[in-house]
Each structure stands twice: as structure tokens, then as C-alpha cells.
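Inspection log for the structure reproduced underneath, given as C-alpha cells.
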Amino acid sequence: RLFNSRTTQLVLGAGAIHSAARLKSINAKHLSLVTQCLGLVVTILPHIRAALMAQLPSKQHNLLLELDKIKKEYEEHNEKVLSKLVSIIGGIIDRGLAPRIAKIDFDARAKSMPTPSA
């Protein structure tokens, strides 16, 4: 949970900009790295849960519910990071690609293309 809360604080809360890392901004590279780390933990947690289930006495199996909650928190955090990443990429497309697409006359291009013969 510490890793999850700290990455939430640093990445989504922009705490890395004000921390000792002194990043100028949090960019797509940082978000993709966080997503990979969160995905790794989400992938490993079921295996850790299974190993603990095999080792813990039956009375303590309810502790495994905590692992399920943690996994859910990680998945939610990962969704938020992915959403932020998509918004950054969307912004890049809007600023860089959209103006170019608006200038293209697709009707004229379609008319100049050869028609397939039946």
C-alpha cells in the first residue's frame, strides 16, 4: 500500500515536481513507467495470495481479503494513470495532428483514387 499511495502522490498528485527529484513535469514516459510497475504488482499479487493461502492456517485466511483490497486499489490507480496517459496523448494529437487533418480535402482525395473493378 505504501508503494501505491506514494506513486499516487508523486505522479497523479504531481508531487514529483516538488520532491527531491525536482522534475519539471510529469510526462508520458513517467506515466508509462508507473503503469508498468503497477501492472507488475497486480500480476504478482494473485501468486502471492496463493502462496500465502497454502501457508496460512485456515483461521487466518480472512487476512487474504486485505490482499484482494490492495489488488483492487492498484487496479484503480492503474486505470487513473492510464487515463492521464491517454489525455496526454490526446492533447498531442489535438495540437499536432488535428490542424493538419482539418486542411485535408478528403472528398477530393477520394475522387482521385482509382475505383476497384468488380
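The values are calculated or read from the model by the stated rules, or taken from the named source; none is laboratory data. Being a predicted model, the structure only gives us computed values, none of them experimental. Glycine gets a Cβ as well: all are built from the backbone with ideal geometry, and neighbour counts include every protein chain shown. We work out accessible area using only protein heavy atoms, side chains counted, and drop any ligands, DNA or RNA first. Shrake-Rupley method; radii C 1.70, N 1.55, O 1.52, S 1.80 Å.
Taking only protein heavy atoms and a 1.4 Å probe, the accessible area of the stretch 26-103 is 64% carbon and sulfur. Here r is the Cβ-Cβ distance between Leu52 and Ser32 and R0 is 25 Å; the resulting FRET efficiency, rounded to 0.05, is 0.25.
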